[in-house]
Amino acid sequence: MPPPEMRTSGDPRRGAPHIALLPSAGMGHLTPFCRLAVGLSDSGCDVSFITVQPTVSSAESRRVAALLAAFPRLRPLDFRLADFDPSAFASTDPFFLRFEAIRRSAHLLPALLAAASPPVSAVVVDISLVSTFLPVLAGVGLPCYLLFTASAAMLSLCAHFPAYIAAKTTAGVGDVEIPGLRTVPKSSIPLPLHDPNNLFTTQFVENGRILQKACGILINTFHALEQEALDALNGGKVVPAGLPPVVAIGPLKPVIGCERGSPLPWLDAQPARSVVYVSFGSRTAMSAEQMKELGTGLERSGCRFLWVVKSKVVDREEEVELEELLGEEYLERVRERGLVVKGWVEQEEILGHVAVGGFLSHCGWNSVTEAALHGVPILAWPRLGDQRVNADVMARGGLGIWVKEWSWEGEEKVVRGEEIGERVRELMEDEGLRASAARLGKEAVKAVAVDGSSGKGLAEFIGKL
Ligand code: UDP
Ligand code: UDP
């Protein structure tokens, strides 16, 4: 079903629209905004990119610098936040605290935008920030759209959750039945949402409540992957009072022309589709014990592998060397078949490399959409947040397999190397899965073409401004 008409917000006499983009903290939020910025600019829009310094992770500040250097036509807008005291909150998650710091500075944005020339036509705000920014933007007559950086399945949870919380009669959060769609089992609900007093829960509920007031919701997904969820959202099933148009514009295409960093020459030397790429994203750390088991598993799989090790949530805190984490002996033993790296790699380039035949992934939504775009099959090991909801979407879409029993945040369980090795081998040997991931990859490429469903979605959004 096509989305309903996007609400018109612009003045038809104006020339190219000037769109200001407000990303939130963390690579998972920043990355799709960088891609949207370039997509809009390539389509003839003036684009201002609002930045908050210093960023939580150094990966974010490098990404912003690389974006602005590569695309000087994007206008940076440096957003100075109001004073914020993180110790006033029980949360220790540096990303959620930064969401809150930005959210509490919403009143300062109009002055920044007022100085922009040509005048700003609309603002696209990250989902995590929308409940405080939308009213402020409405107050100065600026249309507020939002970019939902995760799956349509996750958007349906976000949209329904306030009603679920209001209606429930028992303590705690159980299975959440999304009207017109599927039930999200209790075990897949992001852990913070089980605690009504968690900072993330407060933000999530407030943002979910205000969705209806946005001019439109752009989402980094595509019809061939999430038709049912997009139909349910746009058909008034998930929120009976209706939502603004939910417009799929993904998978947003990678944009940064990267330098050929360290893993790429190694990949060049490997046979086609022989390497499993292993990464748990930019903010999911793994315990030392689990990391050792994963190392054993990769070794036992008999497959070639490229493994990005991450032991801390925030990259600035990574201090321990690989030798200390995994042992010199291990690194020596696997040298022939495996490349183990610590620190940032250009995942966009790795997933597009012909040597990569599989992806052991935490299923952060950007990772899922990047794998989809390249038709690379996934072995899902979601660890926290929205990752189980995303893993479910990607498995239903034929992109990969998800071992539901593997450990999840808050659990002490350690998944043994033997089990990991078997599953990795299965992933790499499954020809049927490889074919179905390739099929989805073709659909993803079609979707983002100018005449594809997502290409048209983006054009429609621009046309309404
Ligand atoms: N990423 C990368 N190199 C790394 C780690 C992550 O390029 O070493 C990118 C990845 O390609 C994706 C983003 O960072 O675009 C991470 O977002 P995702 O939603 O996959 O997971 P998160 O990090 O938010 O958990
Ligand atoms: N999210 C949301 N409302 C919010 C904040 C986040 O719906 O107020 C969604 C977000 O798009 C993602 C999930 O909740 O799907 C987890 O958010 P988080 O910032 O932890 O995601 P990550 O950084 O791992 O991408």
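The values are calculated or read from the model by the stated rules, or taken from the named source; none is laboratory data. Given the structure is predicted, the values throughout are model-derived calculations rather than measurements. Virtual Cβ from ideal backbone geometry, glycine too; neighbours counted across all protein chains shown. Surface areas here come from the heavy atoms of the whole protein model, side chains and all, with no ligands, DNA or RNA. Shrake-Rupley method; radii C 1.70, N 1.55, O 1.52, S 1.80 Å.
Values computed for the structure shown
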read-out: Test: residue in segment 48-60 that is in a helix (DSSP H, G or I) and buried (at least 21 other Cβ atoms within 10 Å of the Cβ); value: yes
read-out: S128 vs. criteria hydroxyl-bearing (S, T, Y), crowded, with 17+ Cβ neighbours inside 10 Å, farther than 19 Å from F49 by Cα and under 20 Å from the mean Cα position of the chain (by Cα); value: no
read-out: Check on R300, touching a residue at least 40 places away in the same chain (Cβ under 8 Å), touching a helix residue (DSSP H, G or I) at 6+ places or on another chain (Cβ under 6 Å) and either surrounded by fewer than 17 Cβ atoms within 10 Å (Cβ to Cβ) or of a type outside the set (D, E) (or both); value: yes
read-out: Of all residues making up segment 271-298, the number that are among the charged types (D, E, K, R) and assigned to a loop (DSSP other than H, G, I, E, B); value: 2
read-out: Residue list for segment 16-34, filter: surrounded by fewer than 24 Cβ atoms within 10 Å (Cβ to Cβ), near ligand 2 (Cβ under 9 Å from one of its atoms) and part of a loop (DSSP other than H, G, I, E, B); value: S24
read-out: Residue that is most open to solvent (accessible area, probe 1.4 Å) [pool: residues in segment 368-378 that are touching a helix residue (DSSP H, G or I) at 6+ places or on another chain (Cβ under 7 Å) and within 13 Å of ligand 1 (Cβ to nearest atom)]; value: H374
read-out: Criterion violated by I210 - all others in (1) open to solvent by 10 Å² or more (accessible area, probe 1.4 Å); (2) among the β-branched types (V, I, T); (3) part of a loop (DSSP other than H, G, I, E, B) satisfied; value: (3)
read-out: Of the criteria (1) open to solvent by less than 50 Å² (accessible area, probe 1.4 Å); (2) within 14 Å of ligand 2 (Cβ to nearest atom), which one I165 fails; value: (1)
read-out: Odd one out for P244 among (1) of a type outside the set (S, T, N, Q); (2) under 27 Å from L181 (Cβ atoms); (3) not in a loop (DSSP other than H, G, I, E, B); value: (3)
read-out: Segment 352-381 - residue that is free of Cβ contacts under 8 Å to residues at least 60 places away in the same chain and within 15 Å of ligand 2 (Cβ to nearest atom) and, of those, farthest from the chain's Cα centre (by Cα); value: A380
read-out: Pairs, first touching a residue at least 12 places away in the same chain (Cβ under 8 Å) and open to solvent by 30 Å² or more (accessible area, probe 1.4 Å) in segment 177-198, second among the charged types (D, E, K, R) and part of a loop (DSSP other than H, G, I, E, B), C-beta under 6 Å, six or more apart; value: P179/K237; G180/K237; K186/D175; L191/E409
read-out: Residues within segment 326-351 that are without any contact (Cβ under 8 Å) to a residue 60 or more places away in the chain and within 16 Å of ligand 1 (Cβ to nearest atom), tallied; value: 3
